[in-house]
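For reference, the structure is listed below as structure tokens.
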Amino acid sequence: MKSVVITIDFMYSIEYDKARREKMTRRYHTMSGNMKNIRKAEVLALKDEVTYQQGQVVSKTLIQNKAVSITLFSFDKGEEISTHQSEGDAFVTCLDGTGEITIDGTVYELHQGDSIVMPAGHPHAVFGKEQFKMLLVVTF
């Protein structure tokens with residue numbers, strides 16, 4: 001008889017945990033949102049997903065929520081995002097061209113395939129030394 005009670009309690013525990021996991025999963029997917037402005041289930045070259053425009057910085061937001069922001073940028077030669085700070089760590093990967101990232105007054109040059117992290121709360125800027133494309137991932 002005691003084993004039946006244990007089995008019932010165990011089964012209840014499994015069902016409770018399953019329901020809790022499903023609720024947490026739904027909450028996570030609601031919070032994280034969906035990616036936009038990009039084709040899904042398809043192999044992509046990210047550098048082709050944002051175009052250069054003369055005399056401009058172009059941005060294409062893929063996702064933005066309380067936890068993360070993912071944006072593609074293109075900088076025409078000589079264009080920049082002036083010095084500012086972010087509340088989250090900002091991970092940059094150069095997709096094309098040559099760019100300069102300034103963090104706390106130190107200039108870093110990025111070429112295709114190079115990455116750098118701009119720490120939260122530190123002043124930083126981005127400059128297109130040549131035409132330059134980058135992927136920016138900010139975590140909050």
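The values are calculated or read from the model by the stated rules, or taken from the named source; none is laboratory data. All values reported here derive from a predicted model rather than from experimental measurement. Counting neighbours? That spans all protein chains shown, and the Cβs are built from the backbone with ideal geometry, glycine included.
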note = By residue number, the members of region 102-123 that are in a strand (DSSP E or B) and over 25 Å from LYS66 (Cβ atoms) are THR102, THR106, VAL107, TYR108, GLU109, LEU110, HIS111
query = Limited to region 102-119, what total is found for residues that are aliphatic (A, V, I, L, M), surrounded by 13 or more Cβ atoms within 10 Å (Cβ to Cβ) and closer than 15 Å to THR83 by Cβ?
reply = 2
message = Is it the case, given these coordinates, that GLN64 is assigned by TED's automatic domain parsing to the domain that holds GLN131, among the polar types (S, T, N, Q) and within 16 Å of GLY128 (Cα to Cα)?
response = no
inquiry  = So, in region 104-114, exactly how many residues are aliphatic (A, V, I, L, M) and over 19 Å from the mean Cα position of the chain (by Cα)?
reply    = 1
ask   = Taking SER13, is it surrounded by 11 or more Cβ atoms within 10 Å (Cβ to Cβ) and either modelled with pLDDT of 50 or more or of a type in the set (S, T, N, Q) (or both)?
value = no
task = Pick out, from region 49-93, the strands (runs of 3 or more DSSP E) lying fully within it that include 1 or more residues that are surrounded by 14 or more Cβ atoms within 10 Å (Cβ to Cβ), under 12 Å from the mean Cα position of the chain (by Cα) and modelled with pLDDT of 95 or more.
result = 57-64, 68-75
Any chance GLY99 is within 12 Å of PHE127 (Cα to Cα) and in a loop (DSSP other than H, G, I, E, B) = no
